[in-house]
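Engineer: For reference, the structure I am asking about is given below.
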Amino acid sequence: MLERLFHEHATGARIRAADPVGFDRELWDILVEQGVPALRVPEDRGGSGMSLMHALLAAEQAGRALAPVPLIEAVVANRLLALLDASEARELLEDCLAGRSLATLALRDAGSAPRQVVPAGAVADAVLCLQGDAVVICRGASRLAMPADGSGQAQHGAIAAQWLDLRECRERAVIPGARVAFEAALAEWRLLGAAQLAMIARRAIESAAQYACEREAFGRRIGEYQGVSHVLADAFTSVDGARMLAWRTVDAIARGEPDAAALLSMLWWWSATTGHEATLRALRVFGGYGTAMEYDAQLCYRRAGAQLLIAGDPERELLRAADLLFGPAAGGTAPAVALPGAGEVVIDFDWGADADAARVRAREFVRRHDSEALRRSMRDSLDGFDPALEAALAAEGLLYPEMPREYGGPGLSACAAAAVHATFAEAGWHMLMPGVTNMLWKVVHHAGSDRLKQELLPRIARGGVHLAMGYTEPGSGSDIFAARTTATRRGDDWVINGQKMFTSTGHRSDYNLMVTRTGPDKHRGITLFLGPVKQAGYSVTEIRTIGDDRTNVTFYSDLAVPDRYRIGEVNGGVKVLAAALAIEQSGGDLYINWLHGICRAALEWADRPGPDGRPLDDPRVRLAIAEAAVRAQVTDALSRRSLWAFAQGRVRKHEGPMVKLMGSESWMWCSQRLLRLAAPDTLLRGYEGAGLIEWSARRSISSTIFAGTSEIQRSLIAEAGLGLPRTRS
Ligand SMILES: Cc1cc2nc3c(=O)[nH]c(=O)nc-3n(C[C@H](O)[C@H](O)[C@H](O)COP(=O)(O)OP(=O)(O)OC[C@H]3O[C@@H](n4cnc5c(N)ncnc54)[C@H](O)[C@@H]3O)c2cc1C
């Protein structure tokens, strides 16, 4: 409803006419008539009693439309008025719901900051502010400077903010004992503000993408230049992450999760900084036109900026998140926490009961089998995976949790599998060997013949059979379809000749998924096999990586593979590969767990006394660890969306790549920053604290390369998510 309404009324001309105060009275009256500012007011107080999620969706629409109305301020203030037990509040609420008054709230304590900038203060008749333990309703507060007097722009973003002196009011009503209700209202304002800001940024990115599809330079559309498309893909990923994190925060508040307040602080910092930056990046896509006042690009930038600036430096909110997550720094106090009631929230980020049950079983398994020696051998082992542990995992139905029952697996959901993998990762168990096989049995299940499924899947489910992935070749990695390894028909068999690079687990594998050339056409000449390799014609040499991975060069010399091991049609490999890559990109749990791992390692290091005191009391250290924690949450929120879409058969091609890009790049860059912060302790290798940071810094590099480099992920996001032109053939 709001999308339609804003589309009709928040047109470019109307938004500009509302500048510089940023208020369109006619649009506001329509919103009041439709009851929108009352959407969080309980029904028995004259509102529609909607949930926090509804309010968030309204804020998103207002952001996307750049609607020149103080919607979120009014929604939050009206709800607060409804919750206050005082006749002044009731009267004001009545006036607000009837459109006779407009209320807003002040963001800082009026006792310590009597003069402050108030969102919507330029058009509000009443300001609700906190003073000590009381909420004060100020009517007719004295204006210190007009946002604009008709002679030009008086503030950054054309929002209806106003410097007010809250001591100098025409009327004041004091309602004692209302601090918690007010703080909950402020928290709600932040949540809605973050959602609004993310959608302002999304609008900016989408219009820049559209422009990049039309504008030409040097004989090409500018969207074909990766200097344009990759920047937009990065910004789009961050902003979509902000949006999902906002939804996730609502879910956490509704469930009363202990970290809900920290999530809200993380959300504000993430949305404000990445959203604002995204609008700037989008503006630059328009070149000189982006700076012109008649273009929307500068308007998005200024609006997002104003939304950010009004609440003060967003880094303070990240420090607050750090206080909530790690406890206050020396001499500090724990922040007060008050959160809004969420009502009935229809969004659900929980993995569900079967995932909970699977997690319990996985924890119990870890408890029985875990040891320091096992963890070290898993991390360091270049030679595979302990067969006894693998057999035990298979017996417990924890080796390949999603393997269907008809093939002897436990048939759990993708979410339950993610819960199992997260549990193992939390325990510090690195399971590369089953990890690769886990990806590839799904390709067999998706595209293999029934005969092949019957032959292989039950054996894989029992454990002890391993698969490897042979995509990359010496001359082609990202450009998978340029493969030169040949498959030639010989009777019932195919004969494979060629060489593959970086075939991880290829020194232990029983079957390799091989991308082969069966015809001259680059795309229509590709066929896939999952061929047995423990036979003549297959050999391996070792590659060691900076991240302590062992991977391999694999050689195929007249390797005979029966036709029944073909996956998909002859020359139909592109279709199978597309599905295989989608399977590879569907989860992202790997990266989330690694990000949580770097946070744990950094906290372990930072919580011990150092030569200059406890590192965890240093704000730079707190900010760095908190940022890693935020990025883990953003990746997690994006990953849950992707997993859900995969399970529902509603995959959008850019969503998996977003998880991979956000997760791997975050892991790498957070690790590098912590590597420097924890120096010189990080000079030494080790298994905990600084040693783990050092390991992460090396290991994370490959994560931005395998399973498609970050550049390839950016291209996929730009093309599938933003409709930008393809830059690869
Ligand atoms: C630890 C590790 C394990 C691996 N495991 C496996 C495995 O099991 N099986 C397997 O098949 N492969 C595996 N790989 C290989 C990996 O998939 C490739 O390294 C990766 O796809 C990149 O290919 P490349 O190394 O040939 O680099 P290239 O494709 O040559 O790329 C070189 C650089 O150019 C950039 N680039 C390439 N094309 C474009 C483009 N269109 N636009 C912009 N930039 C571009 C890349 O991003 C990269 O920065 C593994 C790699 C590592 C590091």
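All of the numbers you see were taken from the coordinates with simple rules; none came from a lab. For clarity, every value in this text was computed on a predicted model and none was experimentally measured. All Cβ positions, glycine included, derive from the backbone under ideal geometry; neighbour counts span all protein chains shown.
Engineer: Can you pull out the GluC sites (Glu not before Pro) in the range 631-713 whose DSSP state is coil and whose Cβ has at most 16 other Cβ atoms within 10 Å? List each step's numbers first, then the result.
Structural biologist: On the way: sites: Glu655, Glu665, Glu688, Glu694, Glu711; in loops: Glu688.
Sparse-neighbourhood loop GluC sites (Glu not before Pro): Glu688.
Engineer: Then there is this: Add +1 for every Lys or Arg and -1 for every Asp or Glu among the other residues with Cβ under 12 Å from the Cβ of Phe23, and state the total.
Structural biologist: Spelling it out: positives minus negatives among the neighbours equals -3.
Engineer: Quote to one decimal, in nm, the extra length available between Ala579 and Phe218 on full extension: 0.36 nm per residue of separation minus the C-alpha distance between them.
Structural biologist: Working: separation 361, 0.36 × 361 = 129.96 nm, distance 3.60 nm.
Extra length from Ala579 to Phe218 when fully extended: 126.4 nm.
Engineer: If neighbour count is taken as other Cβ atoms inside 10 Å, put Ile693, Ile567, Ile705 in order from fewest to most. Intermediate values should be presented prior to the final figure.
Structural biologist: Numbers: Ile693 28, Ile567 25, Ile705 18.
Ranking Ile693, Ile567, Ile705 by Cβ neighbours within 10 Å, fewest first, gives Ile705, Ile567, Ile693.
Engineer: On to the next question. Quick check on my link table: of Lys500/Lys522; Lys453/Lys534; Lys500/Lys534; Lys453/Lys653; Lys522/Lys653; Lys522/Lys660, which ones sit more than 24 Å apart, alpha carbon to alpha carbon? Please list the in-between numbers first.
Structural biologist: Values: Lys500/Lys522 18 Å; Lys453/Lys534 19 Å; Lys500/Lys534 16 Å; Lys453/Lys653 27 Å; Lys522/Lys653 22 Å; Lys522/Lys660 27 Å.
Those over the limit are Lys453/Lys653; Lys522/Lys660.
Engineer: Here's something else I'd like to know. Need one number: nm distance between label points at Ala334 and Arg544, each 7 Å from Cα along Cα→Cβ, rounded to one decimal.
Structural biologist: Modelled inter-label distance: 4.8 nm.
Engineer: Using a simple spin-label model with points 7 Å from Cα along the Cα→Cβ vector, what separation in nm is obtained for Glu455 and Gln648?
Structural biologist: Taking the two extended label points, one gets 3.8 nm.
Engineer: Using a basic spin-label model with each label point 7 Å from the Cα along Cα→Cβ, how many nm lie between Arg379 and Met1?
Structural biologist: 5.6 nm
Engineer: Using only the alpha-carbon atoms, how far is helix 573-585 inclined from the longest principal axis of the chain? Give it as 0 to 90 degrees, nearest 10.
Structural biologist: With both axes taken from Cα atoms, the answer is about 50 degrees.
Engineer: Return the sequence-ordered ³J(HN,Hα) values of the range 182-199 in whole Hz as given by the Karplus equation 6.51 cos²θ - 1.76 cosθ + 1.60 applied to θ = phi - 60°, using x for Gly and Pro.
Structural biologist: So the Karplus estimates, Gly and Pro as x, are 5, 5, 5, 5, 4, 4, 5, 4, 5, 4, 5, x, 5, 5, 5, 5, 4, 7 Hz.
Engineer: Nearest 0.05, what FRET efficiency do Glu426 and Gln226 give at R0 = 35 Å with Cβ-Cβ as r? Before the final figure, lay out the partial values.
Structural biologist: Numbers: r = 37 Å, r/R0 = 1.05.
After rounding, the FRET efficiency stands at 0.40.
Engineer: Something else about it: Using alpha carbons only, how many degrees (0 to 90, rounded to 10) separate the axis of helix 52-65 from the longest principal axis of the chain?
Structural biologist: Relative to the chain, helix 52-65 is tipped by roughly 90 degrees.
Engineer: On a C-alpha basis, how far is the centre of the range 316-343 from the centre of the range 473-488 in Å? Whole number, if you could?
Structural biologist: First find each Cα centre; the distance between them is then 52 Å.
Engineer: What are the GluC sites (Glu not before Pro) within the range 550-649 that DSSP puts in a loop, where the Cβ has at most 13 other Cβ atoms within 10 Å? Can you show the working numbers first?
Structural biologist: Working: sites: Glu569, Glu584, Glu604, Glu627; in loops: Glu569.
In loop regions of the range 550-649 (DSSP not H, G, I, E or B), the sparsely surrounded GluC sites (Glu not before Pro) are Glu569.
Engineer: So, counting K/R as plus one and D/E as minus one, what does the shell of residues with Cβ under 12 Å around Leu197 add up to?
Structural biologist: Values: positive: Arg64, Arg190, Arg202, Arg203, Arg243, Arg303; negative: Glu60, Glu277.
Summing Lys and Arg as +1 and Asp and Glu as -1 gives +4.
Engineer: If you find the alpha carbon centre of the range 664-729 and of the range 265-283, how far apart are they in angstrom?
Structural biologist: 21 Å
Engineer: Between the range 581-633 and the range 1-57, what is the C-alpha centre distance in whole Å?
Structural biologist: After rounding, the separation between the Cα centres reads 40 Å.
Engineer: Right, next: Just check the chain against the gyration tensor rule for me: Cα atoms, a ≥ b ≥ c as the square roots of the eigenvalues, rounded for a/c under 1.5, and otherwise prolate or oblate depending on whether a/b exceeds b/c.
Structural biologist: Numbers: a/c = 2.27, a/b = 1.80, b/c = 1.26.
Here the chain falls in the prolate category.
Engineer: List Val540, Val659 from most exposed to least, where exposure is judged by having the fewest other Cβ atoms within 10 Å. Please list the in-between numbers first.
Structural biologist: On the way: Val540 17, Val659 30.
Starting with the residue having the fewest Cβ neighbours, the order is Val540, Val659.
Engineer: Tabulate in residue order the Karplus-calculated ³J(HN,Hα) for the range 309-324, using 6.51 cos²θ - 1.76 cosθ + 1.60 with θ = phi - 60°, rounded to whole Hz; enter x for Gly and Pro.
Structural biologist: 5, 4, 8, x, 4, x, 4, 4, 6, 5, 5, 5, 4, 4, 4, 5
Engineer: While we're here: Under 17 Å from a label point 7 Å along Cα→Cβ of Asp29: give me every residue in the range 78-103 with its amide N that close.
Structural biologist: Of the residues in the range 78-103, 96-102 have backbone N under 17 Å from the label point off Asp29.
Engineer: So, one more: Within 10 Å of each candidate Cβ there may be at most 11 other Cβ atoms; applying that plus a DSSP loop requirement, which trypsin sites (Lys or Arg not before Pro) in the range 51-118 survive? Write out the running numbers ahead of the final one.
Structural biologist: Working: sites: Arg64, Arg79, Arg90, Arg100, Arg108, Arg115; in loops: Arg100, Arg108.
Answer by residue number: Arg100.
Engineer: Does anyone have the angle between helix 414-426 and the longest principal axis of the chain? Alpha-carbon axes, 0 to 90°, nearest 10?
Structural biologist: Here the helix axis deviates by roughly 90 degrees.
Engineer: Which ordering of Cys138, Cys213, Cys169, Cys415 is given by a fewest-first count of other beta-carbon atoms within 10 Å?
Structural biologist: Ranking Cys138, Cys213, Cys169, Cys415 by Cβ neighbours within 10 Å, fewest first, gives Cys213, Cys169, Cys415, Cys138.
Engineer: Right, another one. Using a 4.7 Å Cβ cut-off, which Cys residues in the chain lack a partner cysteine?
Structural biologist: Those would be Cys96, Cys129, Cys213, Cys300, Cys415, Cys599, Cys670, since no other cysteine Cβ in the chain comes under 4.7 Å of theirs.
Engineer: Work through the residues other than Ala321 whose Cβ is under 11 Å from its Cβ and net out their charges, Lys, Arg +1 and Asp, Glu -1.
Structural biologist: -2
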